[in-house]
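Novice: Here it is: the structure, laid out below.
Derivation of every value follows stated rules applied to the coordinates shown; laboratory data play no part. Since the model is a prediction, treat every value here as computed from it, not as a measurement. Neighbour counts are summed over all protein chains in view; Cβ atoms, including those assigned to glycine, are modelled from backbone coordinates with ideal geometry.
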Amino acid sequence: MMDDNCIFCKIANGQIPSKTIYEDERFRVILDLGPAARGHALILPKDHYANLFELPDDVAAEAMKLAKKLGAQMKQNLNADGFNLVQNNGECAGQTVFHFHLHLIPRYADDGQKIGWKPGKPSDEELEETKNAIIG
Ligand code: 5GP
Ligand code: ZN
């Protein structure tokens, strides 16, 4: 199902042109207009799901298989040295377009990018408490 107000629905379904590197009946994979590095692409399902938690399991599985296949192709054909998969959910996590997408980011030894976080320093008690909170 498409959402008429969603730009990625329009791109995924071909109503807005894009640099498409792969397409099948469920997905379109496009080059990101603001790439972190050469080849940065986005896997878009053609149906609208706002985020990972709305994504049906079979679509999630297919997206990951596609990431593996295209990632290998990009590494080979672009001579990448490494590869990041990034997937943001929610504004505070950096999501800016609320249609599920998986970032495929080829990395190069000299690309000058940083994809990461500032590591915390939890005590063993804090880690124990967090572990228990997650398990519930
Ligand atoms: P997010 O921050 O939601 O995880 O990622 C959104 C990504 O979509 C960004 O990397 C941004 O550059 C890209 N983007 C936003 N609008 C467009 C667009 O119209 N076309 C393409 N190809 N990429 C877009
Ligand atoms: Zn959408």
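Novice: Quick one: net charge of Gly39's neighbours, Cβ under 13 Å, K/R +1, D/E -1?
Specialist: +1
Novice: Running a GNM on the chain with Cα contacts under 10 Å, which residue among Lys121, Lys65, Lys19 ends up with the highest mean-square fluctuation?
Specialist: In this elastic network of the chain, the residue with the biggest mean-square fluctuation among Lys121, Lys65, Lys19 is Lys121.
Novice: Please arrange Cys9, Cys92 by counting, for each residue, the other beta carbons lying within 10 Å of its beta carbon, fewest first.
Specialist: Going from least to most buried by this count: Cys92, Cys9.
Novice: How tilted is helix 124-135 with respect to the longest principal axis of the chain? Cα atoms for both, answer in degrees (0 to 90, nearest 10).
Specialist: 50 degrees
Novice: Using a 7 Å offset from Cα along Cα-Cβ at Ile115, what residues in segment 13-30 end up with backbone N under 16 Å from the label point?
Specialist: 30
Novice: Helix 57-78 versus the longest principal axis of the chain: what is the Cα-based angle in degrees, 0 to 90, to the nearest 10?
Specialist: Its long axis makes an angle of about 80 degrees.
Novice: For segment 3-72, what is the charge dipole size about the Cα centre, in debye to the nearest 20, if Lys and Arg each add +1 at the Cβ and Asp and Glu each add -1 at the Cβ?
Specialist: Here the size comes out at about 460 debye.
Novice: If each residue of separation counts as 0.36 nm, what is the full-extension length gain between Asn13 and Arg38 once their alpha-carbon separation is subtracted?
Specialist: 6.6 nm
Novice: Would you work out if the chain is rounded, prolate or oblate? Take a ≥ b ≥ c from the square roots of the eigenvalues of the alpha-carbon gyration tensor; rounded if a/c is under 1.5, else prolate when a/b is larger than b/c, oblate otherwise.
Specialist: Since a/c reaches 1.5 but b/c is at least a/b, the shape of the chain is classed as oblate.
Novice: Tell me, Ile134, Ile7 in order of fewest to most beta-carbon neighbours within 10 Å?
Specialist: In increasing order of surrounding Cβ atoms, one gets Ile134, Ile7.
Novice: Calculate the length of the line joining the C-alpha centroid of segment 19-35 to that of segment 56-118, in whole Å.
Specialist: Segment 19-35 and segment 56-118 have Cα centres spaced 12 Å from each other.
Novice: Let me ask something else. Taking C-beta distances below 4.7 angstrom as the pairing criterion, name the unpartnered cysteines of the chain, in sequence order.
Specialist: Flagged as lacking a Cys partner: Cys92.
Novice: Sticking with this one: Treat each spin label as a single point 7 Å out from the Cα along the C-beta direction, and report the Asp57 to Asn77 distance in nm.
Specialist: Reported label-point gap for Asp57 and Asn77 is 3.3 nm.
Novice: Report the one residue of Gly136, Ile21, His101 whose Cα lies farthest in the direction of the positive end of the charge dipole of segment 10-136 (charges on C-beta: Lys and Arg +1, Asp and Glu -1; origin at the Cα centre).
Specialist: Checking the options against the dipole of segment 10-136, the answer is Ile21.
Novice: Now a separate question. How high is the relative contact order of the chain? Use alpha-carbon pairs under 8 Å, at least six apart in sequence, and give a whole percent.
Specialist: Reported relative contact order: 24 percent.
Novice: Counting other beta carbons within 10 Å of each residue's own, what order do Ile30, Ile43 fall into, fewest first?
Specialist: By the 10 Å Cβ count, ascending, the order reads Ile30, Ile43.
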